[in-house]
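The values are calculated or read from the model by the stated rules, or taken from the named source; none is laboratory data. From a predicted model like this one, the values you see are computed outputs, not experimental measurements. Here the Cβ is made from the backbone with ideal geometry for all residues, glycine too, and neighbour counts use every protein chain on show. The accessibility values were calculated without ligands, DNA or RNA, using every heavy atom of the protein model including side chains. Shrake-Rupley method; radii C 1.70, N 1.55, O 1.52, S 1.80 Å.
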Amino acid sequence: MVDTFAQFAQEERLHSTAVTTLRGVGSVLAARWRERGIHSLFDLLCDLPFRYLDQTRITPSNELKVGDTVLIRGTVRSAGLKGTRVHLLKVLLSDAGGSFEAVFFNPYRTLTERLRPGAEVTLFGRVHREMNGMLCLQHPEICQPGPLATTLTPVYHSTSSLHQKTLRNLHDHALAQLDISPLPELLPAVHNPFGLDINEALHAAHHPPPDKARVPATLHPAWRRLCFEELVAYQVSLLLLK
């Protein structure tokens, strides 16, 4: 009986902790989230990504394909401003596999200084083909130096024009609270064919391993585990009403 009360107390803690307890969540953002049904940390945990980015591996330039979104690392060979009404910064880069281009629209001054010849940079963006036939990344993200990600990068529905990095940090803070106060497992093992408990499923749904990069989100075992519990809860609620 004591264990049961402890489990419900842990679950209630996440349900009763308001999102405003997270640093950076003010009244404006909290009001926007309330419109979407997000009131507590538990609601935020259930606000799953709608797609993922794969920033776990560097793609060599000789493996680039038009339409792919890739992480690529290269050395700047040349960089120059083009255009009059709309300023473009065209950058020629190379790696062991060959050469490729990156184009930045209306670049700020520090960007031009950062992309000087000889600089090594890591870019993340979608591959296009230029009129000259060269493969190009249009206005890619410049990634900070450091180790590569070990899981897929989540993309959330934006609220109040928040940057994705901020949204990821807020969701990760909610996941950290989940580690402190794990949710009780309600599905009996015999009725759980997914091999994940509720806490593992939430972590994996926000940060799936890279081998799931090409699998639709709805086919991830973590997603199927969470959907299954929601359907079971719905059926139980109908039976109770009946």
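Residues in the range 26-55 that are of a type in the set (Phe, Trp, Tyr) and more than 17 Å from residue 219 (Cα to Cα): 33, 42.
Every residue, every condition in (1) farther than 17 Å from residue 221 by Cα; (2) over 19 Å from the mean Cα position of the chain (by Cα); (3) surrounded by fewer than 17 Cβ atoms within 10 Å (Cβ to Cβ), yes or no:
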position: 155; (1), (2), (3): yes, no, yes
position: 161; (1), (2), (3): yes, no, yes
position: 183; (1), (2), (3): yes, yes, no
position: 189; (1), (2), (3): no, yes, yes
position: 193; (1), (2), (3): no, yes, yes
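Residue count for the range 66-96, restricted to those that are out of contact with any Ser or Thr (no Cβ under 9 Å at 6 or more places or on another chain) and of a type in the set (D, E, K, R): 2. Only one entry in 105, 100 is surrounded by fewer than 12 Cβ atoms within 10 Å (Cβ to Cβ), hydrophobic (A, V, I, L, M, F, W, C) and in contact with a strand residue (DSSP E or B) (Cβ under 8 Å, 6 or more places away or on another chain), namely 105. Taken over the range 108-131, the residue count meeting the criterion of being farther than 15 Å from residue 78 by Cβ, open to solvent by 20 Å² or more (accessible area, probe 1.4 Å) and hydrophobic (A, V, I, L, M, F, W, C) is 1. Looking across 26, 67, one residue alone is within 24 Å of the chain's Cα centre (by Cα) and at pLDDT below 90. It is 26. Does any residue of the range 222-239 turn out to be surrounded by fewer than 18 Cβ atoms within 10 Å (Cβ to Cβ), more than 14 Å from the chain's Cα centre (by Cα), assigned to a loop (DSSP other than H, G, I, E, B) and not hydroxyl-bearing (Ser, Thr, Tyr)? For the range 222-239, residues surrounded by fewer than 18 Cβ atoms within 10 Å (Cβ to Cβ), more than 14 Å from the chain's Cα centre (by Cα), assigned to a loop (DSSP other than H, G, I, E, B) and not hydroxyl-bearing (Ser, Thr, Tyr): absent.
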